[in-house]
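Right, one structure below, let's go through it.
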């Protein structure tokens, strides 16, 4: 059986990590291929390529660096590839640029051969923010032709609320427990707080800034990892602060998680709080906003859950961390996610669908 995964690009991203975890399966009767629609060109692309080579995963690079042009060219390339090679039994696409590219491919190829089984994983609670009208057309087509799978209950609910259709199956993304290394830039004698995510509204950047500026705990040091449209605001407000370190990116950040004392996630919404799941796998407690997609990866009575992204509540928590039994919280978080988010479980559920 040949399963073709379609991703936006070979880079450091949540959807790409899910695909790498699925295709690292050792099931011998499935031949995996990964195609990118747009050519990845970040400093992490080379490392992603190395990981695919190490796991003997077949991968296919795009020659187009522009998103829109990549969407147009990919269907032609993918059609020609399948015309002269063995056709896939399964095409598995990962929202949203890959969805649009595969939609055009299916329109191009429908007259030439029987369609493969079509599967699509939905990774976000909000879809098609820049292409609303196109999104409505795509979703009608996908509901008719595809097996749609959500990465969390909140993603499934948001999708049905927005686009209707049948309830979606939920397959949680699998997370591995990484070998841990000491983080070289840790501040000794401080409580090291990690924030890692895109500098966008979704991740609660405004609340992050306000909390750092309002906190009165002199022992806190914030390590902020990410980039995005709000990078300038982060730089202007926090770069000069002595209790803040800013990093554009840290490859394989998961290998350093146990070095930190707490993870801070003031997200306004999440498809699934994978960063929090990874943290819990390494017994790193998280301070979170009680939002959809994030609250479902913690027990209902989680101590560090804040309603409505309340800045004053965050500040109160951070200013009183000396009263918290961090190790016990780490164990509670670990026990909650360990069975539910294993890579093996995720692989088996997807492979059951492929083979059915």
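Would you pick out the residues in the range 314-342 that are surrounded by fewer than 17 Cβ atoms within 10 Å (Cβ to Cβ) and over 17 Å from residue 299 (Cβ atoms)?
Answer for the range 314-342, where residues must be surrounded by fewer than 17 Cβ atoms within 10 Å (Cβ to Cβ) and over 17 Å from residue 299 (Cβ atoms): 316, 319, 320, 322, 323.
Filter the range 272-290 down to the residues that are closer than 18 Å to residue 17 by Cβ and out of contact with any strand residue (DSSP E or B) (no Cβ under 8 Å at 6 or more places or on another chain) and list them by number.
Scanning the range 272-290 gives 272, 274, 277, 278, 281, 282.
Checking residue 38 against (1) in a helix (DSSP H, G or I); (2) out of contact with any strand residue (DSSP E or B) (no Cβ under 7 Å at 6 or more places or on another chain); (3) in contact (Cβ under 8 Å) with a residue 40 or more places away in the chain; (4) surrounded by 23 or more Cβ atoms within 10 Å (Cβ to Cβ): exactly one of these is not met. Which one?
Going through (1) in a helix (DSSP H, G or I); (2) out of contact with any strand residue (DSSP E or B) (no Cβ under 7 Å at 6 or more places or on another chain); (3) in contact (Cβ under 8 Å) with a residue 40 or more places away in the chain; (4) surrounded by 23 or more Cβ atoms within 10 Å (Cβ to Cβ) one by one, residue 38 breaks only (1).
Counting only residues that are touching a residue at least 60 places away in the same chain (Cβ under 8 Å), surrounded by fewer than 20 Cβ atoms within 10 Å (Cβ to Cβ) and in contact with a strand residue (DSSP E or B) (Cβ under 6 Å, 6 or more places away or on another chain), give me the strands (runs of 3 or more DSSP E) lying completely in the range 74-155 with at least 1 of them.
So the answer is 117-122, 147-150.
Looking only at the range 285-313, count every residue that is assigned to a loop (DSSP other than H, G, I, E, B) and surrounded by fewer than 20 Cβ atoms within 10 Å (Cβ to Cβ) and tell me the total.
7
Please go through the range 239-251 and pick out each residue that is surrounded by fewer than 16 Cβ atoms within 10 Å (Cβ to Cβ) and out of contact with any helix residue (DSSP H, G or I) (no Cβ under 8 Å at 6 or more places or on another chain).
The answer is 239, 240, 242, 247, 248, 249.
Taking the range 18-28, which residues are surrounded by fewer than 18 Cβ atoms within 10 Å (Cβ to Cβ) and either without any contact (Cβ under 8 Å) to a residue 40 or more places away in the chain or not assigned by TED's automatic domain parsing to the domain that holds residue 96 (or both)?
Correct list: 26, 28.
The rows are residues; the columns are (1) more than 21 Å from residue 318 (Cα to Cα); (2) part of a strand (DSSP E or B); (3) in contact (Cβ under 8 Å) with a residue 24 or more places away in the chain; (4) not assigned by TED's automatic domain parsing to the domain that holds residue 149.
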{"position": "229", "(1), (2), (3), (4)": "yes, no, yes, yes"}
{"position": "232", "(1), (2), (3), (4)": "yes, no, no, yes"}
{"position": "237", "(1), (2), (3), (4)": "no, no, yes, yes"}
{"position": "241", "(1), (2), (3), (4)": "no, no, yes, yes"}
{"position": "256", "(1), (2), (3), (4)": "yes, no, yes, yes"}
{"position": "272", "(1), (2), (3), (4)": "yes, no, yes, yes"}
{"position": "283", "(1), (2), (3), (4)": "no, no, yes, yes"}
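Given the criterion modelled with pLDDT under 95 and closer than 26 Å to residue 121 by Cα, identify the matching residue among 295, 289.
295
Evaluate the following for residue 62: is it touching a residue at least 12 places away in the same chain (Cβ under 8 Å), outside any helix (DSSP H, G or I) and in contact with a helix residue (DSSP H, G or I) (Cβ under 7 Å, 6 or more places away or on another chain)?
Yes: the conditions hold for residue 62.
The values are calculated or read from the model by the stated rules, or taken from the named source; none is laboratory data. Note that the structure is predicted; figures quoted are calculated from it, not measured. Cβ: placed from backbone, ideal geometry, glycine included. Neighbour counts: every protein chain shown.
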